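Undergrad: Have a look at this one.
The values are calculated or read from the model by the stated rules, or taken from the named source; none is laboratory data. Keep in mind it's a predicted model, so treat the numbers as computed, not measured. Using ideal geometry, Cβ is built from the backbone for each residue, glycine included, and neighbour counts are taken over all protein chains shown.
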Amino acid sequence: MGQTVIGVNDPKAVKKFSAFLALDTPKKSYWTTRFMGKGETASMPVQQLDELESDAGDEVGFDLTMQMTMQPIEGDEVLENKEEDLKFYSDDVNIDQLRGGVNSGGRMTRKRTVHKLRKIARKRQSEWWARVFDELFFMYGSGARGINADFVYPTTYTGFAGNAITAPDSEHILYAGNKAKATITVTDTFDLPIVDKAVARAEMMGGGGGGGSAGTDGNTQTPQIQPIKIGNELHYVCLMNPWQAYDLRTSTGTGGWLDIQKAAAAAVGKKSPIFTGALGMHNAVVLQKHKGVIRFSDYGSGSNILAARALFLGEQHMVCAFGSPGTGLRFGWNEETRDNGNQLIITSHTIVGVKKVTFNGKDYGGIALDTAAKDPTA
């Protein structure tokens with residue numbers, strides 16, 4: 001029986017595989033499956049902005065309204081002309097096109113139908129896109145490219161679409177042992193106290209009691225880090241490198257580590273994506289690990305100590321904005337032949353922007369936790 005083959009650049013195939021890619025990529029991305037939420041009300045470390053998927057433009061702006069700090073007027077004292085101005089801080093993210101593709105080879109090396117090649121190209125490219133997105137989130141969220149050798153991006157990468165990768169400000173970074181980058185030693189590894197310190201700092205930002213997304217310290221105007229809301233529970237996430245996770249596990253001891261695992265298993269909100277694959281929970285902080293966490297090799301007085309930057313995350317540490325590539329879908333799919341029809345090229349593209357959120361020149365929604373971290377098997 002003959003086989004029906006939809007030819008190269010057939011509109012039905014283009015639309016179908018564009019949609020497949022838009023569905024596959026988020027499912028394979030570590031960040032988007034666990035930490036991304038859609039819209040302004042999403043309580044997740046990454047806020048997805050969709051305003052440009054249907055509208056023209058290459059920039060999305062978003063605001064933070066700061067909490068009121070005025071002293072109340074007492075008794076019959078006149079309030080007129082003493083009202084406090086509303087304070088707004090703004091940020092924006094730019095979008096640009098990203099593209100990738102595969103060359104399926106010539107006719108004699110292919111020996112496959114176009115239909116099968118599309119499936120193979122879709123699988124390989126959806127995996128590649130997921131990797132690209134995860135690397136962008138790690139770099140932007142950490143404010144550094146680091147030395148990770150398995151990234152598709154070079155160590156000289158500084159960002160795209162005009163969204164710069166910016167280092168954490170002094171209020172949003174903690175070093176192991178209450179030290180600094182230049183004074184960290186090999187024994188200043190990841191442990192529970194640095195998690196507790198991050199919780200304490202996050203809770204005291206914004207004067208320690210500001211509600212909603214407008215908590216603020218009246219003097220420093222530092223936006224409060226908001227915990228992730230899961231039903232009636234409030235959580236933070238700590239995302240560490242596997243070497244940091246090893247240091248944490250060994251420093252905690254068997255009994256302590258068992259308690260950490262039990263805490264995650266007993267959490268009411270354990271069905272939330274932020275618990276997927278979690279190591280455990282401590283002090284309402286969900287502990288996660290991933291090899292993409294940014295690493296360094298220039299810490300300590302001799303600038304030769306290996307280190308890693310764990311991310312302590314609350315709400316809206318980053319934003320991710322998408323634009324439609326002209327198809328009404330998040331990804332575009334293109335097929336073409338070269339060499340007089342001998343080679344089949346299948347490419348895909350998207351329009352996107354990623355950025356760490358900053359208001360009033362300060363980070364929002366996260367703290368960098370820098371510790372010594374070396375390969376425990378070396």
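Undergrad: Is there any pair with a first residue in the stretch 291-306 that is under 10 Å from V186 (Cβ atoms) and a second that is modelled with pLDDT of 95 or more and among the aromatic types (F, W, Y) whose Cβ atoms are under 7 Å apart and which are 6 or more apart or on different chains, and what are they?
TA: Cβ pairs passing all conditions: I305/Y299.
Undergrad: Any idea how many residues of the stretch 118-131 are touching a helix residue (DSSP H, G or I) at 6+ places or on another chain (Cβ under 7 Å) and within 11 Å of V102 (Cα to Cα)?
TA: Applying the first criterion (touching a helix residue (DSSP H, G or I) at 6+ places or on another chain (Cβ under 7 Å)) to the stretch 118-131 yields 118, 122, 125-127, 129-130.
With the extra rule that they be within 11 Å of V102 (Cα to Cα), the set shrinks to 118, 122, 125.
Counting residues in the stretch 118-131 that are touching a helix residue (DSSP H, G or I) at 6+ places or on another chain (Cβ under 7 Å) and within 11 Å of V102 (Cα to Cα) gives 3.
Undergrad: Of the residues T33, T25, only one is closer than 30 Å to K270 by Cα, at pLDDT 70 or above and surrounded by 17 or more Cβ atoms within 10 Å (Cβ to Cβ); which?
TA: On the way: T33 fails: surrounded by 17 or more Cβ atoms within 10 Å (Cβ to Cβ).
Matching residue, one of T33, T25: T25.
Undergrad: Give F322, F331 a once-over and let me know the one that is among the aromatic types (F, W, Y) and out of contact with any His (no Cβ under 9 Å at 6 or more places or on another chain).
TA: Unique residue meeting the criteria: F322.
Undergrad: Just for the stretch 265-293: of the residues that are surrounded by fewer than 17 Cβ atoms within 10 Å (Cβ to Cβ) and of a type in the set (A, V, I, L, M, F, W, C), which one is farthest from the chain's Cα centre (by Cα)?
TA: My answer is A266.
Undergrad: Residues in the stretch 246-254: is at least one surrounded by 21 or more Cβ atoms within 10 Å (Cβ to Cβ) and either in contact with a strand residue (DSSP E or B) (Cβ under 8 Å, 6 or more places away or on another chain) or not hydroxyl-bearing (S, T, Y) (or both)?
TA: Yes, the conditions are met somewhere in the stretch 246-254.
Here is a yes/no grid of residues against (1) more than 15 Å from the chain's Cα centre (by Cα); (2) more than 18 Å from F322 (Cα to Cα); (3) modelled with pLDDT under 95; (4) assigned to a loop (DSSP other than H, G, I, E, B):
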site	(1), (2), (3), (4)
F137	no, no, no, no
G146	yes, yes, no, yes
T156	yes, yes, no, yes
P168	no, yes, no, yes
G177	yes, yes, yes, no
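Undergrad: Report, by residue number, each residue of the stretch 180-199 that is farther than 18 Å from L248 by Cα and assigned to a loop (DSSP other than H, G, I, E, B). Break it down into steps so the answer makes sense when it comes.
TA: First pass over the stretch 180-199, keeping only residues farther than 18 Å from L248 by Cα: 180-183.
The one that is farther than 18 Å from L248 by Cα and assigned to a loop (DSSP other than H, G, I, E, B): A180.
Undergrad: Name the single residue, out of those in the stretch 325-344 being touching a strand residue (DSSP E or B) at 6+ places or on another chain (Cβ under 7 Å) and of a type in the set (A, V, I, L, M, F, W, C), that is modelled with the lowest pLDDT.
TA: Residues of the stretch 325-344 that are touching a strand residue (DSSP E or B) at 6+ places or on another chain (Cβ under 7 Å), as a first pass: 325-326, 330-338, 343-344.
Subsequent filtering for residues that are of a type in the set (A, V, I, L, M, F, W, C) retains 331, 333, 344.
Numbers: F331: 87, W333: 86, L344: 80.
Across the stretch 325-344, the extreme among qualifying residues is L344.
Undergrad: Ok, one more. How many residues does the stretch 309-358 hold that are assigned to a strand (DSSP E or B) and within 20 Å of the chain's Cα centre (by Cα)? Don't jump to the end; show me each part of the working.
TA: Looking only at the stretch 309-358, we keep the residues that are assigned to a strand (DSSP E or B), and these are 309-313, 318-323, 331-338, 343-356, 358.
After this cut, where a residue has to be within 20 Å of the chain's Cα centre (by Cα) as well, the list is 309-313, 318-323, 331, 350-356, 358.
Total satisfying the criteria: 20.
Undergrad: Just for the stretch 200-252: of the residues that are part of a loop (DSSP other than H, G, I, E, B) and among the polar types (S, T, N, Q), which one is modelled with the lowest pLDDT? Can you show your working first?
TA: Going residue by residue through the stretch 200-252, those that are part of a loop (DSSP other than H, G, I, E, B) are 209-211, 215, 217-222, 224-227, 231-232, 241.
Then keep just the ones that are among the polar types (S, T, N, Q); that gives 219-222, 224, 226, 232, 241.
Details: N219: 47, T220: 55, Q221: 64, T222: 78, Q224: 86, Q226: 91, N232: 88, N241: 97.
Among residues in the stretch 200-252 that are part of a loop (DSSP other than H, G, I, E, B) and among the polar types (S, T, N, Q), the one modelled with the lowest pLDDT is N219.
Undergrad: Test T377 against the criterion of being β-branched (V, I, T) and in a loop (DSSP other than H, G, I, E, B), and give yes or no. Before you say what the answer is, go through the steps one by one.
TA: Values: β-branched (V, I, T): yes; in a loop (DSSP other than H, G, I, E, B): yes.
Yes.
Undergrad: Of these, G146, G162, which one is at positive phi and touching a helix residue (DSSP H, G or I) at 6+ places or on another chain (Cβ under 8 Å)? Please lay out each step first, then the result.
TA: On the way: G162 fails: touching a helix residue (DSSP H, G or I) at 6+ places or on another chain (Cβ under 8 Å).
Sole residue among the options that is at positive phi and touching a helix residue (DSSP H, G or I) at 6+ places or on another chain (Cβ under 8 Å): G146.
Undergrad: Follow-up question, since we're still on this one. Restrict the check to the stretch 56-65 and report whether at least one residue is modelled with pLDDT under 75, within 26 Å of R124 (Cα to Cα) and either in the same structural domain as T347 (by TED's automatic domain parsing) or in contact with an Asp or Glu (Cβ under 8 Å, 6 or more places away or on another chain) (or both).
TA: no
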